[in-house]
Amino acid sequence: MGNVPSAVKHCLSYQQLLREHLWIGDSVAGALEPAQESSRLSGLPEYVKIVEVGPRDGLQNEKIIVPTDIKIEFINQLSQTGLSVIEVTSFVSSRWVPQVAAGATEISVFGAASESFSKKNINCSIEESMGKFEEVIKSARHMNIPARGYVSCALGCPYEGSVTPQKVTEVSKRLYGMGCYEISLGDTIGVGTPGSMKRMLESVMKEIPPGAIAVHCHDTYGQALANILTALQMGINVVDSAVSGLGGCPYAKGASGNVATEDLLYMLNGLGLNTGVNLYKVMEAGDFICKAVNKTTNSKVAQASFSA
Amino acid sequence: MATVRKVQPWRLVGLASLRAVSTSSTDTFPKHVKIVEVGPRDGLQNEKNIIPTPVKVKLINMLSEAGLPVIEATSFVSPKWVPQMADHTEVLKGIQKFPGISYPVLTPNMKGFKAAVAAGAKEVSVFGAASELFTRKNINCSIEESLQQFEVVLKEAQAASISVRGYVSCVLGCPYEGKISPAKVAEVSKKLYSMGCYEISLGDTIGVGTPGIMKDMLSAVMQEVPLSALAVHCHDTYGQALANTLVALQMGVSVVDSSVAGLGGCPYAQGASGNVATEDLVYMLTGLGIHTGVNLQKLMEAGNFICQALNRKTSSKVAQASCKL
């Protein structure tokens, strides 16, 4: 087996068919907080798919190594919330066949819009990484396993600073062209703001249909929800987040990382958007994992709702 | 796995990339936003620890150095109710008054107003609410009665050429009443504006609002009060503040209240956060190419200073990301 980039990971994709069929969800799922009213902003998508990355992206960036049985319980709890996509784990290895044998229903590949980041993260240039991804995705397709593409540093790079929307578009287009069903554009260090998000998406949307784009915003500078709102206003309807805002930022010690699923859900509920996800159950799962890893939640909704 | 990058103290990784993209064409955002810094009053009032006067004075001076155009300095309320603000006269007299910067003070009634004027105040604030229950619980009277009291203050203020800023609390929700109708917010705002308040600050007091509700509320208020006289005062209790502020900016609001380091918790949700952090707001505005006149570095120094004095961690994500642990 050839050299496969180390950042190949799995998704437990609950409703792979979600993209193709109407969501028929529990009427309780997505229920609003009693005190919360909702009001639509015009021009927003009616349904937003949340991709929960807590068990992988979140836990990977936490200091404590979580025992397997706790991880399993955590994921099981998340499975009860209505979340349709839960990123489960990461097989950081050059042989990905074991992952398939372990029952993976979906794989993800991680590209980057920055050469320096690509070299430092996966030890090869963007071009080289594309070659490897192509192999992986081809093989996955033969087994009818869908592939999700990630583009890191979409709004800025810890080494290069600013990243052009054109570069993000170029990398995204290639991943999409290889057969990734969805491209998740990641503001890896959370430096983006609504203006840079808008410019980047305008560029990418020229080459990739909005329905195949997701945003993965980090809240390192507190900009995540404002950036996500901007993306929604532009017609994007897939958003990555992590319950309890698990996962710090490896580039800014002590800073936060992923946007909290609870806070995202609160905003989406308030906007009257359908997600199929039950906020209370997500908060329960968040409470569980925070107690298990002995950390305070990064979710403001959780902080406000669980009395000190 | 990428290596952890060593961050220098105060090195603003984020801003480095911002400079390259700050000249942007963005929607219909205002070109300039006036930030009203409420940390020394709204922030400190809601902190557990009481701060000595010299520390407050230094904080306000540092905020002035940072270029904030409006800094709410203190509150002329009875020390019985708000012991954190008991030194209001000393603070107002002790601070350096930079030219071009306003230092409004809160005055809930005539007594407070007179004391504020005696201490040299050139601008005062009055606090109304869009909720009857909240008004009753907060200041023990109805909305109508509170407005009558404010009218008395406003008349005096006009005679003394003192500007008055009006606040409306609970604009997106009330801890007692729950939903608040945009029409009610518009009604109270209109009354305060027509009494002579030069600006109306619309406060999401418990931070429950979301962008759609913010838009509905502003649409109603804008029918009664000119856009240029409106400000938003978002609390970040549920993490919604910047998204709500963004919508307000998209609608043309150009005055935003915030608190350095996100000072001030929420008295209605124990352990929860309150005001949106000025640093995080400035970060967003700068990224949008909107001029604020604020020096983020100096602002963060002020935030760091007051957090050390309060023995608490900052609530600003920008500060957390920029600080070397």
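Only the coordinates and a few stated rules stand behind these numbers; no lab work does. This is a predicted model, so every value here is computed, not measured. In this analysis, Cβ positions are derived from the backbone assuming ideal geometry, glycine residues included, and neighbour counts consider all displayed protein chains.
Give me a single rounded figure for B:206-217: the average over its residues of other chain Cβ atoms within 10 Å of their Cβ.
Numbers: counts 2, 3, 7, 4, 14, 12, 12, 9, 3, 5, 4, 1.
For this peptide, the per-residue mean of nearby foreign Cβ atoms is 6.
Based on the Cβ-Cβ distance of B:TRP81 and B:GLN148, what FRET efficiency does E = 1/(1 + (r/R0)^6) give at R0 = 25 Å, to the nearest 0.05?
0.75
Other chains' Cβ within 10 Å of A:246-256 residues: what's the mean?
The per-residue average across the peptide is 6.
Nearest-5 percent of antiparallel DSSP beta bridges in the protein assembly as shown?
Close to 20 percent.
From other protein chains only, count the Cβ atoms within 10 Å of every residue's Cβ in A:114-125, then give the mean. Please list the in-between numbers first.
Numbers: counts 0, 0, 0, 1, 1, 1, 4, 3, 2, 0, 0, 0.
Per residue, the average neighbour count from other chains is 1.
Which far-off residues, 5 or more places away or on another chain, put their amide H under 5 Å from the one on B:SER125, with H placed in the peptide plane?
Those qualifying (amide H under 5 Å, at least 5 residues apart or on another chain) are B:VAL105, B:LEU106, B:THR107, B:ARG165.
Check the straight Cα-Cα distances from B:LYS80 and name the aspartates and glutamates below 20 Å, setting aside those fewer than 8 residues away within the same chain.
Excluding near neighbours in sequence, the set is B:ASP42, B:GLU47, B:GLU90.
Within the set B:LYS56/B:LYS298; A:LYS49/A:LYS138; B:LYS111/B:LYS190; B:LYS155/B:LYS191; B:LYS97/B:LYS155, which residue pairs have Cα atoms separated by over 19 Å?
Beyond 19 Å: A:LYS49/A:LYS138; B:LYS111/B:LYS190; B:LYS97/B:LYS155.
What is the fewest-to-most order of B:MET110, A:MET234 by other Cβ atoms lying within 10 Å of their Cβ?
With the sparsest Cβ surroundings first, the list reads B:MET110, A:MET234.
If each of A:LYS253 and B:HIS291 carries a label point 7 Å out from its Cα toward its Cβ, how far apart are those two points in nm?
The two pseudo-label positions are separated by 4.0 nm.
Kindly state, to the nearest 0.05, the FRET efficiency for B:MET222 paired with A:ASN274, given R0 = 22 Å and r defined as their beta-carbon distance. Display every interim value, and only then the final one.
Numbers: r = 29 Å, r/R0 = 1.32.
The value I calculate is 0.15.
Determine, for B:TYR167, A:TYR266, B:TYR176, B:TYR238, the number of other Cβ atoms within 10 Å of each Cβ, and report the residues in order from fewest to most. Intermediate results must be reported in sequence, preceding the final value.
On the way: B:TYR167 25, A:TYR266 28, B:TYR176 15, B:TYR238 32.
Final ranking by Cβ density, sparse to dense: B:TYR176, B:TYR167, A:TYR266, B:TYR238.
Beyond 18 Å between alpha-carbons counts as too far, so tell me which of A:LYS198/A:LYS253; A:LYS63/A:LYS295; B:LYS48/B:LYS313; A:LYS167/A:LYS206 fall in that bin.
Where the Cα-Cα span goes over 18 Å, the pairs concerned are A:LYS198/A:LYS253.
How far is the Cα center of region A:165-235 from the Cα center of region B:284-318, in Å?
If we compute the Cα centre of each part, the gap is 27 Å.
About the Cα centre of the protein assembly as shown, how large is the charge dipole given +1 on each Lys and Arg Cβ and -1 on each Asp and Glu Cβ? Please answer in debye to the nearest 20.
Working: 55 positive and 54 negative charges, 268 e Å.
Its charge dipole is roughly 1280 debye.
Which of the aspartates and glutamates could be linked to B:LYS122 by a straight reach, that is with a Cα gap under 13 Å, when you skip same-chain ones fewer than 8 residues away?
Partners within reach: B:GLU72, B:GLU156.
If the reach is capped at under 16 angstrom between alpha carbons, list the aspartates and glutamates near B:LYS137, excluding any in the same chain fewer than eight residues apart.
List returned: B:GLU145, B:GLU177.
Positive end of the dipole of the protein assembly as shown, charges at C-beta (+1 Lys, Arg; -1 Asp, Glu), about the Cα centre: which of A:MET283, B:CYS141, A:PRO165 has its Cα farthest in that direction?
The Cα lying farthest towards the positive end belongs to A:PRO165.
Using the basic label-point model (7 angstrom from Cα toward the beta carbon), what is the A:GLU46 to A:GLU127 distance in nanometres?
Taking the two extended label points, one gets 4.7 nm.
Rank the residues A:THR188, B:THR292, A:THR261, B:THR135 as a footprinting-exposure proxy: fewest other Cβ atoms within 10 Å of their Cβ go first.
Taking fewest neighbouring Cβ atoms as first place, the list is B:THR292, B:THR135, A:THR188, A:THR261.
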